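Below is one structure; the comments refer to it alone.
Every number here is computed from the coordinates shown, using simple stated rules; none is lab data. Quantities reported herein were computed from a predicted structural model and do not represent experimental measurements. So basically every Cβ, Gly included, is an ideal-geometry build from the backbone, and we count neighbours across all protein chains shown.
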Amino acid sequence: MGKIKKKVLITGITGQDGSYLAEFLIKKNYEVHGIVRRVALEDESHRLWRIKNILNKINIHSASLESYASLVKIIQRIKPNEVYHLAAQSYVSYSFEDEFSTLNTNINGTHYILSAIKDFSPRSKFYFAASSEMFGKVRKTPQNELTPFYPRSPYGISKVAGFELTRNYREAYKLYACSGILFNHESPRRGFEFVTRKISYAVARIKLGLQKELYLGNIESKRDWGDARDYVKAMWLMLQKKSPDDYVIGTGKTFSVKDFVKIAFSHVNLDYKKYVRINKKLYRPAEVDLLVADYTKAKKKLNWKPKTKFKELVVSMVEEDLRSLKDI
Ligand code: F7E
C-alpha cells in the first residue's frame, strides 16, 4: 500500500506564486487542491493559463474569498494538512482606485479562512502571504521581522490586518499559522499590470517592431526584486518547522525601476531613452520609495537563500517574452 499523500489547499492557485507552488508541491507528492472563482472556470484560456499544464494533476474547487460558507465547505471536506492563502487583490495601484473591495476581500478573505480552519480543521497548518508593502514608508533599512509597519496604500493596510489576524490566531487559538513577509518577486508568469512584466513585454514588442513607446510612472522607486520560483520554496519551508513563526523573504539587494529598464533594453541592444516616456498619471498618491530585505532569520532558521541574481531575472523575463511573441 502506498504512503498516504499529504493534502494541500492553495488559494490564488491561478496566480504567479500559486502556479509555481502547485508545481513544487506536486513534485513533493502532495495531493494539491486549489480554490478558483467560478468566473475563472468559465474563461479557462485567459484565467487558467498558468496552470494549464498541471490541470490534470490538481483538484480545482469553485469558491469565493467573499463567501465564508463556500470556504468552510471546502476546508471541512478536504481537511488539508497545509493551507497556503495567496489570493488577494494584489495590485497596489488599483487598491487606491477601489479601496473598499481591496480591504473587504483581502481582510475578510483571510479572516474567513483562519476562522474556518479554527472551527473545522484546527490541525491544518496555515501560510499567509504578507508583503513588504507593510513596511511602506520604511522606519529602518534594511527591513526585518522587527521593523515597524507603515503601510502607504489600502493594499498595504489590508496586508497588515491579515498579518495581525494570522498572529492572533496563532497566539489565541494555537493554530500553526505563519506569515511570509515577501518582498517583490517576479518571473515570466508575472501579471502584466506589474512594472517588471510591463517592461519585459514592452521591450520584447519594441524589439520585434510591434510597439514604439513604453509609458511608465515613477522609475526612481527602489525594490528588492527576487525570483518567484525561489520564494515558493520558502513558503513551504515555513510550514515544515516544529513551531510557527513569521519570516522576511528577499534578496538583500535593492534596484530601481530604472535599473530594470536599462538592463532589459540593453539586453536587446536598444537605448531605453529612445523609447521610455514618463506619464505622471501612473504615479501613486503615496509611494513606497525604497525596500530592501534583511532575510537573516530565514537564512538561519529555514536554511533558505535566494538563487537568482537581479540581472538574470530581468534577462529571463525579456527572453521568455521574446520567445512567446515569436511563437504567435
Ligand atoms: O510597482 C513603479 C511603482 O506594481 C513597483 C505586488 O506584488 O510587490 C508588488 O507591489 C514600482 C512602484 O509592484 C509603473 O510606482 C513605475 O514603485 O510592480 P509594482 P509593487 O507596488 O512594488 C509587493 C511586494 C506586493 O505585495 C504587491 O502585491 O514600480 N512603477 N511605473 C510602476 N508600477 C506599475 N505597476 N506600472 C507602471 O507603469
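Quick notes
- Student exercise, the chain dipole from Lys, Arg, Asp, Glu Cβ charges, in Debye to nearest 20: 940 debye
- In order along the stretch 291-305, phi translates into HN-Hα couplings of 10, 7, 8, 10, 9, 3, 5, 5, 5, 6, 8, 9, 6, 9, 8 Hz, rounded to whole numbers, per the Karplus curve 6.51 cos²θ - 1.76 cosθ + 1.60 with θ = phi - 60° and x for Gly and Pro.
- Magnitude of the charge dipole for the stretch 57-142, about its Cα centre and with charges confined to Cβ atoms of Lys, Arg (+1) and Asp, Glu (-1), is about 540 debye.
- For the peptides 260-266, 321-327, 115-121, 182-188, the ranking by mean Cβ contacts within 10 Å, running from highest to lowest, is 182-188, 260-266, 115-121, 321-327.
- Volume per residue of the convex hull around the Cα atoms, evaluated for the stretch 135-236, comes out as 129 Å³.
- Across the options Val138, Leu55, Ser70, the greatest Cα extent toward the positive end of the charge dipole of the stretch 48-201 (unit charges at beta carbon of Lys, Arg, Asp, Glu) belongs to Leu55.
- Hydrodynamic radius by Kirkwood, which averages 1/r over all alpha carbon pairs of the stretch 174-285, in angstrom: 15.9 Å
- Beta bridges per DSSP, both residues in the chain: antiparallel share near 5 percent.
- Sites Lys301 and Lys3, calculated FRET efficiency, Cβ-Cβ separation with R0 35 Å, nearest 0.05: 0.80
- Extreme residue, positive dipole direction of the stretch 221-328, given options Trp236, Val318, Ala286 (C-beta unit charges): Ala286
- Residues within the reach of a label modelled at Phe96 (point 7 angstrom out along Cα to beta-carbon, backbone nitrogen below 16 Å), restricted to the stretch 190-222, are 194-195, 216-222.
- Nearest-20 debye value, the stretch 1-138 charge dipole, Cβ charges on Lys, Arg, Asp, Glu: 960 debye
- The stretch 188-328: relative contact order as a whole-number percent, Cα under 8 Å and 6+ apart: 39 percent
- Each of Lys57 and Arg38 was given a label point 7 Å from its Cα along the Cα-to-Cβ line. The distance between the two points is 3.0 nm.
- Nitroxide proxy distance, nm - points 7 Å out along Cα→Cβ at Glu164 and Leu208: 4.7 nm
- Whole-angstrom gap from the stretch 291-319 to the stretch 59-108, using each part's C-alpha centre: 27 Å
- Cα gyration tensor shape for the stretch 217-272, rounded if a/c is under 1.5, else prolate or oblate: prolate
- Net charge of the neighbourhood of Asn106, taken over other residues with C-beta under 12 Å away and scored Lys/Arg +1, Asp/Glu -1, is -3.
- Taking amide H as placed 1.01 Å from N in the peptide plane, the amide H of Ser67 sits under 5 Å from none that are at least 5 places away or on another chain.
- Cα-based shape type of the stretch 45-121, given that a ≥ b ≥ c are square roots of the gyration tensor eigenvalues and the cut on a/c is 1.5: oblate
- Partner lysines whose Cα lies under 16 Å from the Cα of Lys27, excluding those fewer than 8 positions away in the same chain, are identified as Lys3, Lys5, Lys6, Lys7, Lys57, Lys233.
- The chain: C-alpha gyration tensor shape, a/c 1.5 cut-off, then a/b vs b/c: prolate
- Peptides ranked, highest mean first, by Cβ atoms within 10 Å: ranges 80-88, 147-155: 80-88, 147-155
- Spin-label model, Ala69 to Ser324: label points 7 Å out along the Cα-to-beta-carbon direction sit 3.8 nm apart.
- The length gained by stretching the chain between Tyr150 and Asn279 to full extension, at 0.36 nm per residue less their Cα-Cα distance, is 43.8 nm.
- Contact order normalised by residue count of the chain, Cα under 8 Å, 6+ apart, percent: 17 percent
- Listed residue pairs exceeding 21 Å between alpha carbons, taken from Lys198/Lys274; Lys174/Lys305; Lys125/Lys305; Lys258/Lys305; Lys79/Lys305; Lys73/Lys125: Lys174/Lys305; Lys125/Lys305; Lys258/Lys305; Lys79/Lys305
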